[in-house]
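Right, one structure below, let's go through it.
Values quoted throughout were computed directly from the atomic coordinates according to the rules given, and no laboratory measurement underlies them. Small disclaimer: the values here were computed from a predicted structure and weren't measured. Neighbour counts are summed over all protein chains in view; Cβ atoms, including those assigned to glycine, are modelled from backbone coordinates with ideal geometry.
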Ligand code: SF4
């Protein structure tokens, strides 16, 4: 079979939501050129793996997935295997030598090369913003990447080396893509990037994210939910907090990774080293809007982290009371400056600190959750069961990241993606229970 005759493509999207957005763009472009996207490798001619190479465990998992597809190719089912994305940027040269069964390698941005390798020779890349869900994906939550790369240099992170410096997408492309997602049934759009707050900086813009939110809100349906994921604290200011707090479609949800709160640790992480400034962001957010949903990420066991550094982190968490936290133990990554730092923390200490931090956060989360019991909130239904029950989320929960809202008393014949109003009837550290009240008027959002 010549490559030009290969038409059925299976795309495996691994890693983060930014990869999901890239994979949908690859699928959209291939479909535009006549390829048929299929949901399993066994019925495909071509398999493309969109990889993640951020941490060691992801690298191993991704290599295993590629080898599985290579086996299928050996067995004659697949004709071509392509590998694209972060793993190619990080380990492309070594992998190409060690995996001759892979037919093509490309960066995610390099759609032209993917098309050509898949056999669409002569086809011109139009630069359109076409996106296509991967087969089997019925989600009403879609991810929209507004920039790629990162100009920061956190000492534990390999992303700038993998992704390069920050490149913002033109506002009109982002708005058009958001409109396409809305037309395709999106009920919630999550803006993603390595650092949302840096949007437009590479083009000399100040307040680029606020201007982008203005443009998106005026173009999207009034009942669309817009959620911001990944706001680097150094780029969060009062103007942004007020814009998010007063948004029409933008949800009052802030995902601000602090990583640590001890000045020495922050300095060695090569991050803004003033914990008072960090605390100020959370205090200002809560003064503007007490019910702001605040999420953060913390890392324990960074090289040189002392007992008193860790105690400072615990005190900080008690002070800022984040609604949710993602917590991780430091993992030395090849090529990251922190991997070679002296005074590495033992795995035993990392584990025990991680447990302590998470246990504290459970108490903090439960206290925050309890504040919402008795409140009426809009809830988007993600999965609907029988008997009037469904799992959903309010503005306080990001999809696949935070907890859920278990709703009871729903009318039958209700579909996922529908927004309803519910009264919160119970809370645990992660999840809420709620009872259906009404279907809210389009565009109304009851957060306070
Ligand atoms: S902000 Fe820091 S942690 Fe985040 S991608 Fe950039 S360098 Fe990595």
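Below are the figures for this structure:
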item	result
The range 376-438: Rg to Rh, with Rh as the Kirkwood radius over Cα pairs	0.92
Relative contact order of the chain, defined on C-alpha pairs under 8 angstrom at six or more residues apart (%)	10 percent
Overall Cα dimensions of the range 3-118 - principal axes, largest extent first, Å	36, 30, 22
Among 407-414, 140-147, 155-162, the order from most to least packed when residues are scored by Cβ within 10 Å on average	140-147, 155-162, 407-414
Residue order, fewest to most surrounding Cβ atoms within 10 angstrom, among 197, 297	297, 197
Least to most buried among 51, 29, 425 (fewest other Cβ within 10 Å first)	425, 29, 51
Candidates 168, 394, 308: whichever shows maximal mean-square fluctuation once the chain is modelled as a Gaussian network with Cα springs under 10 Å	308
Max mean-square fluctuation residue, GNM over the chain, Cα-Cα springs under 10 Å, options 27, 41, 193	41
Relative exposure of 33, 91, judged by other C-beta atoms within 10 Å (fewest first)	33, 91
Selected from 72, 87, 228 as most flexible by GNM, with the chain as the system and alpha-carbon contacts under 10 Å	72
For the chain, calculated [θ]222 nm from helices alone, where every DSSP H run of n ≥ 4 adds -39500 (n - 2.57)	-10500 deg cm²/dmol
Cα-based Rg of the chain normalised by 2.2 N^0.38 Å, two decimals	1.01
For the chain, share of DSSP beta bridges that run antiparallel, in % to the nearest 5	35 percent
Rg(Cα) / (2.2 N^0.38 Å) computed for the range 141-370, rounded to two decimals	1.05
